[in-house]
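Trainee: One structure, as structure tokens, below. Some questions next.
What follows draws every value from the coordinates through simple rules; no lab data is involved. A quick note: this is a predicted structure, and the numbers were derived from the prediction, not measured. We place every Cβ from the backbone using ideal geometry, glycine too, and count neighbours over all the protein chains shown.
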Amino acid sequence: MAGARFGMVPALAIPVLAMALLTGGCAGLASVGEPGSAPTSGSAARRLEAVRNSPPELRAFLARMPKGADLHSHLSGAVYAETYIRLGAEKGLCFDKPSQSLAPPPCDAKAGRLPMTQVATDREMYPKVIGALSMRDNIAVTGYSQHDQFFATFGRFGAATDSTGDLLAEVVDRAARQGVHHLELMVSFNGDGASGIGKNTPWTDDLPAMADRLLAAGLADLVPGARQKIDAAEARMRALLGCGTLQAKPGCAVSVRYLQQVSRTAQRGPVYAQTLYYGLLAKAEPRVVGLNFVAPEDNPVALADYDLHMSFLNELHRRMPDVNVALHAGELTLGLVPPERLRDHIRKAVEIGHAKRIGHGVDVMYEDDPQGLLRTMAARKVAVEINLTSNDVILGVAGNDHPYPLYRAAGVPTVISTDDEGVSRSDLTNELQRAVTTYGLTYADLVELARASLEHSFLPGASLWRDGRYGRAVEACAGAVTEVPVAECAAFLAGNEKARVQWKLENSLSRFEREAGEGRV
């Protein structure tokens with residue numbers, strides 16, 4: 001299953017002499033600049049200023065600009081409704097008009113269950129179904145708020161999300177065509193099996209003992225099946241993208257990893273079981289780089305069990321300290337929940353849940369001692385995944401009401417991400433355009449965002465940057481960025497995937513600068 005909202009190539013042993021293939025260039029090209037120098041100033045920066053107040057030209061500039069990573073993207077929510085209509089027709093699904101959802105057969109038009117093959121060609125129904133499966137046409141007469149419509153879509157298209165490879169192909173190729181180098185996609189592999197174990201295992205409030213019970217009940221037995229599902233999904237994706245052929249699409253070059261989704265609206269047994277199981281999967285499968293808790297943070301179960309969920313993660317960390325955790329926290333605002341619910345979710349995610357990245361973090365200034373929390377996050381280098389469109393759509397928080405500038409001013413690492421670009425009808429380029437237009441970001445800011453997204457990714461290996469300072473490459477790669485790195489640097493890159501993707505981004509930025517200077521951007 002692709003998973004609901006509520007990653008792709010395994011690390012390879014790459015010979016030093018093959019590094020040119022990774023950077024997308026050819027042997028013998030001259031140096032294109034010192035690490036961190038040319039990309040932050042010059043022709044590209046001037047071009048951005050020239051088009052800043054022309055939205056169409058700004059869009060074109062940002063679409064061409066190389067991007068680092070999208071670190072906060074739910075695979076099923078990243079797919080556009082049009083794809084779900086096509087997949088529904090191919091699978092023989094129905095559209096149930098009363099529930100506004102895709103549904104399994106049999107279809108019965110008289111009962112309001114239309115064949116998706118009919119919907120796909122019906123001029124009246126086709127746009128209505130797109131509206132039901134996304135935010136395109138949400139209006140007051142539906143009876144849903146923007147917030148409720150957003151989260152309702154995931155259950156509505158759920159019947160078509162089992163074609164994980166098809167979903168991957170769409171999302172990965174769209175990212176590649178915008179210059180994205182790496183994706184970390186939230187998805188679920190064999191989560192239902194873990195939930196079943198959680199439901200059937202008698203609960204005890206002794207969390208270490210409960211973890212022992214769940215592990216003894218066979219959580220590890222689910223791991224091989226999950227790995228097979230990942231293999232099958234990626235094989236399907238590569239086939240659709242034509243990877244390894246002369247007709248290979250751009251998506252074949254994108255690095256992809258997966259974050260497993262724990263549904264925090266379930267009962268405590270299934271939530272704990274999923275948490276432990278996904279930790280086991282992350283340790284066994286390099287393509288799985290961590291886990292995240294998902295589903296509406298304002299859900300009654302999610303609110304009531306928030307502290308319990310953080311204690312689950314604390315026990316996971318005690319047992320498997322190397323498992324990465326990124327958490328949705330602070331996806332709340334005043335009015336959506338009582339003020340008391342805004343006081344501590346982000347802090348607890350960082351201090352108890354061991355989150356290395358925070359998704360959304362919108363209510364940070366409602367927290368107790370927000371300035372102290374910002375200092376803690378800056379000191380620990382806990383990055384915040386900023387999702388401007390979904391924060392606007394779901395929470396009604398945008399512009400000066402959004403804490404993005406406060407995070408930046410406090411020195412907290414930030415990255416721009418999409419959240420659910422298919423549901424929101426957006427993409428990463430649009431998110432960056434909102435950031436430039438709303439907050440006056442410069443080209444140097446955009447380059448820093450691209451670098452930060454790779455720096456705070458969960459890719460394995462050492463960083464290209466010394467002490468996390470962009471522009472100061474590690475000693476082995478301290479010379480000029482070249483299409484073909486010198487031998488010492490090539491050896492370092494071959495052994496460190498994170499640095500390898502970062503080097504690729506630097507080359508892409510340098511090429512972009514040259515193209516801007518030649519008037520091609």
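Trainee: Which ³J(HN,Hα) values in Hz, rounded to whole numbers, follow from the phi angles of segment 242-250 under the Karplus curve 6.51 cos²θ - 1.76 cosθ + 1.60, where θ = phi - 60° and Gly and Pro get x?
Mentor: These are the phi-based 3J(HN,Hα) values: x, 4, x, 10, 5, 9, 4, 7, x Hz.
Trainee: Another question, then. Just one of (1) 35, 28, 25; (2) 69, 24, 19; (3) 48, 35, 24 is semi-axes √(5λ) of the Cα gyration tensor in Å as worked out from the coordinates here. Which one is it?
Mentor: Answer by label: (1).
Trainee: Sticking with this structure for a sec: If one computes the Cα centroid of segment 315-335 and of segment 367-400, what distance in Å separates the two points?
Mentor: Value for the Cα centre distance between the two parts: 14 Å.
Trainee: Okay, moving on. Which value in nm describes the separation of the simple spin-label points at Leu406 and Ala239, placed 7 Å from the Cα toward the beta carbon?
Mentor: 5.1 nm
Trainee: Near Ala435, within a Cβ-to-Cβ distance under 11 Å, what is the net charge of the other residues, with Lys and Arg +1 and Asp and Glu -1?
Mentor: Working: positive: Arg408, Arg434; negative: Glu431, Asp445.
Overall, the nearby charge balance is 0.
Trainee: Shifting gears a bit: Under the rule of at least 5 residues apart or a separate chain, name every residue whose amide H is placed under 5 Å from the amide H of Thr414.
Mentor: Val384
Trainee: Under unit Cβ charges (Lys, Arg +1; Asp, Glu -1), what dipole magnitude, rounded to 20 debye, does segment 81-160 have relative to its Cα centre? The partial results should precede the final answer.
Mentor: Details: 9 positive and 8 negative charges, 17 e Å.
The dipole magnitude comes to about 80 debye.
Trainee: Turning to a different aspect of this structure: What is the distance, in nm, between label points placed 7 Å from the Cα along the Cα-to-Cβ direction at Ala217 and at Asp368?
Mentor: Result for the modelled spin labels: 3.3 nm.
Trainee: Using the Karplus curve 6.51 cos²θ - 1.76 cosθ + 1.60 with θ = phi - 60°, work out ³J(HN,Hα) for each residue of segment 506-515 in order, rounded to whole Hz, and write x for Gly and Pro.
Mentor: 4, 5, 5, 5, 5, 5, 4, 4, 5, 5
Trainee: Using alpha-carbon positions, what is the distance between the centroids of segment 413-445 and segment 220-274, in Å?
Mentor: Distance between centres, Cα-based: 25 Å.
Trainee: Count the net charge of all other residues whose Cβ sits under 15 Å from the Cβ of Leu241, scoring Lys and Arg as +1 and Asp and Glu as -1. Mind showing how you got there, number by number?
Mentor: On the way: positive: Arg174, Arg177, Arg236, Arg238, Lys249; negative: Asp166, Glu170, Asp173, Glu234.
Spelling it out: positives minus negatives among the neighbours equals +1.
Trainee: Next question, about the same structure. Using the number of other C-beta atoms within 10 angstrom as an exposure proxy, rank Asp192, Asp344 with the fewest first.
Mentor: Values: Asp192 12, Asp344 21.
The order, fewest Cβ neighbours first, is Asp192, Asp344.
Trainee: Under a straight-distance cross-link criterion of Cα-Cα below 17 Å, which lysines are reachable from Lys67, leaving out those fewer than 8 residues away in the same chain?
Mentor: Filter leaves Lys498, Lys504.
Trainee: Place the peptides 50-57, 311-318 in order of packing, highest mean first, counting for every residue the other Cβ atoms within 10 Å and averaging per peptide.
Mentor: Values: 50-57: 12.5, 311-318: 18.8.
The most tightly packed comes first, giving 311-318, 50-57.
Trainee: Now, a different point. Going through segment 162-271, which chymotrypsin sites (Phe, Trp or Tyr not before Pro) have at most 15 other Cβ atoms within 10 Å and a DSSP loop state? Working shown, then result.
Mentor: Details: sites: Phe189, Trp203, Tyr258; in loops: Phe189, Trp203.
Here the sparse-neighbourhood loop sites are Trp203.
Trainee: Using mean Cβ contacts within 10 Å as the protection proxy, how do 265-273, 206-214, 387-395, 219-227 order, highest first? Please report the intermediate quantities before stating the final value.
Mentor: Values: 265-273: 21.3, 206-214: 15.8, 387-395: 24.0, 219-227: 17.7.
Going from most to least packed, we get 387-395, 265-273, 219-227, 206-214.
Trainee: Find out how many positive minus negative residues lie around Leu259, taking Lys and Arg as positive, Asp and Glu as negative, among other residues whose Cβ is under 10 Å from that of Leu259.
Mentor: Values: positive: Arg257, Arg357; negative: Glu184.
Once positives and negatives cancel, what remains is +1.
Trainee: Using +1 on the beta carbon of Lys and Arg, -1 on that of Asp and Glu, and nothing else charged, what's the dipole of the chain about the Cα centre, debye to 20?
Mentor: Working: 54 positive and 59 negative charges, 170 e Å.
So the magnitude is around 820 debye.
Trainee: A further question follows. Rounded to the nearest 5, what % of the DSSP beta bridges within the chain are antiparallel ones? Could you put the intermediate results ahead of the total?
Mentor: On the way: 8 of 38 bridges.
Just about 20 percent of them are antiparallel.
Trainee: Straight distance only, please: which lysines reach the Cα of Lys199 with their own Cα at less than 25 Å, same-chain residues fewer than 8 apart left out?
Mentor: Within the straight-line limit of under 25 Å, Lys199 reaches these lysines: Lys229, Lys283.
Trainee: Sort His328, His147 so the one with the fewest other Cβ atoms within 10 Å of its own Cβ comes first.
Mentor: Values: His328 27, His147 16.
Sorted ascending by nearby Cβ count, the order is His147, His328.
Trainee: Among Leu336, Leu291, what is the fewest-to-most ranking by other Cβ atoms within 10 Å? Show your work: numbers first, answer last.
Mentor: Numbers: Leu336 20, Leu291 28.
So the ranking, lowest neighbour count to highest, is Leu336, Leu291.
Trainee: Under a cut-off of 19 Å between alpha-carbon atoms, report the lysines in cross-link reach of Lys110, not counting same-chain residues fewer than 8 places apart.
Mentor: Straight-distance partners of Lys110: Lys97, Lys128.
Trainee: Ok, one more. How much space per residue, in cubic angstrom, does the convex hull of the C-alpha atoms of segment 81-160 take up? Please list the in-between numbers first.
Mentor: Values: hull volume 6.4 nm³, N = 80.
That works out to 80 Å³ per residue.
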